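Undergrad: One structure, pasted below without further comment.
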Amino acid sequence: MAAALRLQSGAVVLGVNTYHFLGGPCGEISALSNRAATRPDDSIIAVAAVYGPTGDVLPPCGKCRQILLDIAPTIRCVVRDANGLTAVPVRDLLPHAFDWRAAEQPQRLYMWEGYEDSIRDGSKRQTIRVDDPFRPGEARIVFEKDSGDVVEIPADIASVNTAARAALTEQDAQHDGFTDLAELHAALDQHYPGLGPEDPIDIVSFTLHTDK
């Protein structure tokens, strides 16, 4: 695990978990030590930790949460929820408990329940995401339904391409399950108010395991 601290001055301080058979400090603790050695009077605004083998952002463990809370309960921790990456004050983070097993679990791609039929029948094989990073590899498509049921479909993320919103094409709209580009842009305006034509979006394509 590696970690980065964003300080009040705008500086970024890094740290890495130097794990060995006796154990070792977490990436966040290493970053805190580096900050104490180099910028002790520069207050901490936010922290993010990344799992090296995949590049996934993971929440801090319980020990790190307590240490960060002891330093300042307003420090914001970058975590992932159903809508992508978000920054949560460490005082609010206890519900997002660290689970070491999560590091090796498939990615979870949350979808509106209304898309389930079009995903199952193959007419939707793509989704547009903003500030919700994914990588090629194994995934679960997750539908959290109004009824309270949760449905998961095993899948693989085939590709992730970043582009400006203005570069989207009619073909992108069709792969996303929309009739035309205008309908896709209307949906983006609904889900991401204020998204401009030059703002970056990720085009995430996927296949279901049943397709193989």
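Undergrad: In the list Val90, Val142, Val150, which residue meets the criterion of being at pLDDT 95 or above and either surrounded by 14 or more Cβ atoms within 10 Å (Cβ to Cβ) or within 30 Å of Ile71 (Cβ to Cβ) (or both)?
TA: Numbers: Val90 fails: at pLDDT 95 or above; Val150 fails: either surrounded by 14 or more Cβ atoms within 10 Å (Cβ to Cβ) or within 30 Å of Ile71 (Cβ to Cβ) (or both).
One residue alone meets the criteria, Val142.
Undergrad: Only residues that are surrounded by fewer than 17 Cβ atoms within 10 Å (Cβ to Cβ) and either among the β-branched types (Val, Ile, Thr) or over 19 Å from the mean Cα position of the chain (by Cα) (or both): list them for segment 194-212, please. Step through it out loud before you land on a result.
TA: Step one: of segment 194-212, the residues surrounded by fewer than 17 Cβ atoms within 10 Å (Cβ to Cβ) are 194-200, 207-212.
Passing the criteria: Gly194, Gly196, Pro197, Glu198, Thr207, Leu208, His209, Thr210, Asp211, Lys212.
Undergrad: Return the residue satisfying two criteria in turn: it lies in segment 87-146 and is in a strand (DSSP E or B) and free of Cβ contacts under 8 Å to residues at least 24 places away in the same chain, and of such residues it is farthest from the chain's Cα centre (by Cα).
TA: Here the answer is Pro89.
Undergrad: Evaluate the following for Gly177: is it on the phi > 0 side of the Ramachandran plot, part of a loop (DSSP other than H, G, I, E, B) and either free of Cβ contacts under 8 Å to residues at least 24 places away in the same chain or charged (D, E, K, R) (or both)?
TA: No: the conditions fail for Gly177.
Undergrad: Right, here's the next one. Of the residues Ala72, Ala36, Ala2, Ala46, which is at pLDDT 90 or above and out of contact with any strand residue (DSSP E or B) (no Cβ under 8 Å at 6 or more places or on another chain)?
TA: Working: Ala72 fails: out of contact with any strand residue (DSSP E or B) (no Cβ under 8 Å at 6 or more places or on another chain); Ala2 fails: out of contact with any strand residue (DSSP E or B) (no Cβ under 8 Å at 6 or more places or on another chain); Ala46 fails: out of contact with any strand residue (DSSP E or B) (no Cβ under 8 Å at 6 or more places or on another chain).
Of the residues listed, the single one that is at pLDDT 90 or above and out of contact with any strand residue (DSSP E or B) (no Cβ under 8 Å at 6 or more places or on another chain) is Ala36.
Undergrad: Please determine whether any residue of segment 42-62 is open to solvent by 40 Å² or more (accessible area, probe 1.4 Å), closer than 30 Å to Val142 by Cα, assigned to a helix (DSSP H, G or I) and free of Cβ contacts under 8 Å to residues at least 60 places away in the same chain.
TA: Scanning segment 42-62 turns up at least one residue that is open to solvent by 40 Å² or more (accessible area, probe 1.4 Å), closer than 30 Å to Val142 by Cα, assigned to a helix (DSSP H, G or I) and free of Cβ contacts under 8 Å to residues at least 60 places away in the same chain.
The values are calculated or read from the model by the stated rules, or taken from the named source; none is laboratory data. Since we're looking at a predicted model, the values are computed, not measured. Note: ideal-geometry Cβ built from the backbone for every residue, glycine included; neighbour counts use all protein chains shown. Protein only, heavy atoms only, side chains kept; ligands, DNA and RNA dropped before computing areas. Shrake-Rupley method; radii C 1.70, N 1.55, O 1.52, S 1.80 Å.
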